[in-house]
Amino acid sequence: MIGSDAYNYINVLSKAAEASLLRNTVITNNLANQSTPGYKRKEIQFETYLRKELGTSGNLDRRVANVNLDQLQTTIYTDQEGLDYRLDGNNVNPDTENANLAQNSIRFNTLLNSINQEFTRLKAVLQK
C-alpha cells in the first residue's frame with residue numbers, strides 16, 4: 001500500500017483487487033471439488049466490509065479518505081452449509097461457479113482499469 005492520503009482511491013481499489021484474486025482462488029477450488037462427497041462450497045466476504053468502511057454520508061472523496069484499510073478484510077466462509085444439491089452432501093453447482101468466475105474476472109479487470117486510471121490522473125497532475 002502507498003502511504004499517502006493522495007493514494008486512498010488506489011489503496012482501496014488495490015484491496016478490492018486482492019479480494020477479487022482470492023475470490024478467484026476460492027471459486028476454482030469449489031470447481032475442483034465439485035465431485036468431492038460432503039464438500040461445501042466456499043465464498044468470500046469483502047464487499048460488506050467495504051460498504052461499512054465507506055459509510056453512506058458525505059461525498060465520496062471524504063469517505064474514501066476516511067477508510068481504515070486495516071478494517072478492509074477478506075474472509076472465507078462456508079456458504080449454505082445446510083444445502084445439498086446431491087445425495088452425497090455436496091452443494092457445488094458448476095454452472096453457478098462458472099458464472100461467478102466470469103463475473104469475478106470482469107470485476108478484476110474493471111478494478112485494474114480503475115487503478116490504471118487513477119495513476120494516469122496523478123501523472124497528469126504531476127506533469128502540469
Quiz item: Does Phe119 qualify as being open to solvent by 80 Å² or more (accessible area, probe 1.4 Å) and touching a residue at least 60 places away in the same chain (Cβ under 8 Å)?
Solution: yes
Quiz prompt | Single residue of the stretch 51-73 satisfying the filter (modelled with pLDDT of 85 or more and open to solvent by 60 Å² or more (accessible area, probe 1.4 Å)) that is nearest to Tyr9 (Cα to Cα) | solution = Arg51
Self-check item: Failed criterion for Asp95 (all others in (1) charged (D, E, K, R); (2) modelled with pLDDT of 85 or more; (3) open to solvent by less than 40 Å² (accessible area, probe 1.4 Å) hold)
Solution: (3)
Self-check item: Selection from the stretch 5-44 of residues that are in a loop (DSSP other than H, G, I, E, B), surrounded by fewer than 21 Cβ atoms within 10 Å (Cβ to Cβ) and not β-branched (Val, Ile, Thr)
Solution: Asn33, Gln34, Ser35, Pro37, Gly38, Tyr39, Lys40
Quiz item: When Thr48 is evaluated against the numbered criteria (1) loosely packed, with under 11 Cβ neighbours inside 10 Å; (2) in a loop (DSSP other than H, G, I, E, B); (3) of a type in the set (S, T, N, Q), which criterion, by number, is the only one it fails?
Solution: (2)
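The values are calculated or read from the model by the stated rules, or taken from the named source; none is laboratory data. All of these numbers come straight from a predicted model, not from anything done at the bench. Cβ: placed from backbone, ideal geometry, glycine included. Neighbour counts: every protein chain shown. With ligands, DNA and RNA removed, areas are computed over all heavy atoms of the protein, side chains included. Shrake-Rupley method; radii C 1.70, N 1.55, O 1.52, S 1.80 Å.
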